[in-house]
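Novice: Here's a structure for you.
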Amino acid sequence: MNPADRVIVPLDVSSLEQAIGLLDQLPQATFWKVGLELFVSIGSPILVELQARQKRIFLDLKFHDIPNTVAGACRAAASYGVDLVTVHAAAGRKALQVAQTAATEGAIAAGHKPPTLLAITLLTSLSSRDLAFDLKIPLELPEYVLQMALLAQESGLGGLVCSPQEATQLRQICAPDTVLVCPGVRPDWAEAGDQQRIFTPAAALKAGATYLVIGRPITQAAEPATAFNRICDELATVL
Ligand code: C5P
């Protein structure tokens, strides 16, 4: 895979015009993330736009519901022909299993390749304290992440969203072809912003990431295309 194909740029905006502005600024970016804000704001036209430009799509809607509803959402998401879709591992084994089956059926019925489903193990916005005191989960945070990763693997999911910090350990327990998608990445020349526990792009790849989600260091740069190319140059040194 060439370095540019390892970087997923999030479309963290709320209108089609803003999204198109980013797409026009970064013609060399091949993989884009559509999250809740943009999808709830404008819906599927953004997917149509990305497909018209022959981009790969990470539809990050983090499904978490009863099995029947998660399955329906995954079937619909897959029918758009997206590449990656997120589901919360905490939805449980049954929901994860039917999600994978429904995504495969939905893609095939629409003539697309099935997407890889990615499990969210635990939102990185949650701390050990939140886990223990609010969610009442009696496990250390890294152990909980590991258990959710194992549940996702056993349920047939193809990948995980994780911090680069967790990638090394998850690589050891997951099947070799597991797709690990890592946000929390910052080149050493960029501001950390609100991201904690950051890794540089090269360090995140070395830790085992398959894809890196990198937003503001690219989208807020004075010259986004230059920032993107600089990140690709860094990745090329470790690929
Ligand atoms: O601008 P930045 O590089 O921080 O953007 C990272 C993207 O990855 C955002 O779309 C953010 O919502 C998402 N994300 C994250 N941390 C997670 C999961 C998703 O930053 N644990």
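Novice: Against the definition (of a type outside the set (Phe, Trp, Tyr), part of a helix (DSSP H, G or I) and in contact (Cβ under 8 Å) with a residue 24 or more places away in the chain), how does Gln147 come out, yes or no?
Specialist: Judged against the criteria, Gln147 is not a match.
Novice: Of these, Thr210, Thr219, Thr200, Thr226, which one is of a type in the set (Ser, Thr, Tyr) and near the ligand (Cβ under 10 Å from one of its atoms)?
Specialist: Of the residues listed, the single one that is of a type in the set (Ser, Thr, Tyr) and near the ligand (Cβ under 10 Å from one of its atoms) is Thr219.
Novice: Please tell me if Glu37 is assigned to a helix (DSSP H, G or I), of a type in the set (D, E, K, R) and crowded, with 16+ Cβ neighbours inside 10 Å.
Specialist: Values: assigned to a helix (DSSP H, G or I): yes; of a type in the set (D, E, K, R): yes; crowded, with 16+ Cβ neighbours inside 10 Å: no.
Considered against the rule, which asks whether it is assigned to a helix (DSSP H, G or I), of a type in the set (D, E, K, R) and crowded, with 16+ Cβ neighbours inside 10 Å, Glu37 comes out as no.
Novice: Is it the case that some residue within the range 122-138 is assigned to a loop (DSSP other than H, G, I, E, B), under 19 Å from the mean Cα position of the chain (by Cα), surrounded by 16 or more Cβ atoms within 10 Å (Cβ to Cβ) and modelled with pLDDT under 95?
Specialist: Within the range 122-138, the first condition is being assigned to a loop (DSSP other than H, G, I, E, B), and the residues that meet it are 122-127, 135-138.
If we keep only those that are under 19 Å from the mean Cα position of the chain (by Cα) as well, we get 122-126.
Now narrow it down to the ones that are surrounded by 16 or more Cβ atoms within 10 Å (Cβ to Cβ): 122, 124.
Subsequent filtering for residues that are modelled with pLDDT under 95 retains 122, 124.
Yes, some residue in the range 122-138 is assigned to a loop (DSSP other than H, G, I, E, B), under 19 Å from the mean Cα position of the chain (by Cα), surrounded by 16 or more Cβ atoms within 10 Å (Cβ to Cβ) and modelled with pLDDT under 95.
Novice: Being buried (at least 20 other Cβ atoms within 10 Å of the Cβ) and either assigned to a loop (DSSP other than H, G, I, E, B) or more than 16 Å from the ligand (Cβ to nearest atom) (or both) is the requirement here; does Val13 meet it?
Specialist: Taking the combined requirement at face value, the residue does not satisfy it.
Novice: Within the bounds of the range 81-104, is there any residue that is over 22 Å from Leu11 (Cβ atoms), of a type in the set (S, T, N, Q) and outside any helix (DSSP H, G or I)?
Specialist: No, that holds for no residue.
Novice: For the condition under 16 Å from the mean Cα position of the chain (by Cα) and assigned to a helix (DSSP H, G or I), what is the one hit in Ala77, Ala29, Ala71, Ala19?
Specialist: Ala77
Novice: In addition: Applying the selection to the range 150-186, what residues are among the basic types (Lys, Arg) and either assigned to a strand (DSSP E or B) or surrounded by fewer than 18 Cβ atoms within 10 Å (Cβ to Cβ) (or both)?
Specialist: Taking the range 150-186 first, the residues among the basic types (Lys, Arg) are 171, 186.
Matches in the range 150-186: Arg171 only.
Novice: So which residues in the range 189-216 are in a helix (DSSP H, G or I) and under 17 Å from the mean Cα position of the chain (by Cα)?
Specialist: Across the range 189-216, the qualifying residues are Pro201, Ala204, Leu205, Ala207, Arg216.
Novice: A further question follows. Does Ala109 count as modelled with pLDDT of 95 or more and either of a type in the set (S, T, N, Q) or surrounded by 13 or more Cβ atoms within 10 Å (Cβ to Cβ) (or both)? Quick ask: steps written out before the conclusion?
Specialist: Details: modelled with pLDDT of 95 or more: yes; either of a type in the set (S, T, N, Q) or surrounded by 13 or more Cβ atoms within 10 Å (Cβ to Cβ) (or both): no.
Judged against the criteria, Ala109 is not a match.
Novice: Tell me which residues, restricted to the range 43-69, are in contact with a Gly (Cβ under 7 Å, 6 or more places away or on another chain) and surrounded by fewer than 17 Cβ atoms within 10 Å (Cβ to Cβ).
Specialist: Selection gives Gln51 alone.
Novice: If you take the residues in the range 158-196 that are without any contact (Cβ under 8 Å) to a residue 12 or more places away in the chain and closer than 19 Å to Arg216 by Cβ, which one is farthest from the ligand (Cβ to nearest atom)?
Specialist: Ala192
Novice: Hey, can you tell me all the residues within the range 187-199 that are at negative phi and surrounded by fewer than 19 Cβ atoms within 10 Å (Cβ to Cβ)?
Specialist: Result: Pro187, Asp188, Trp189, Glu191, Ala192, Asp194, Gln195, Gln196.
The values are calculated or read from the model by the stated rules, or taken from the named source; none is laboratory data. If you're wondering where the values come from, they're calculated on a predicted model, not measured in any experiment. No Cβ is skipped: glycine too gets one built from the backbone with ideal geometry, and neighbour counts run over all protein chains shown.
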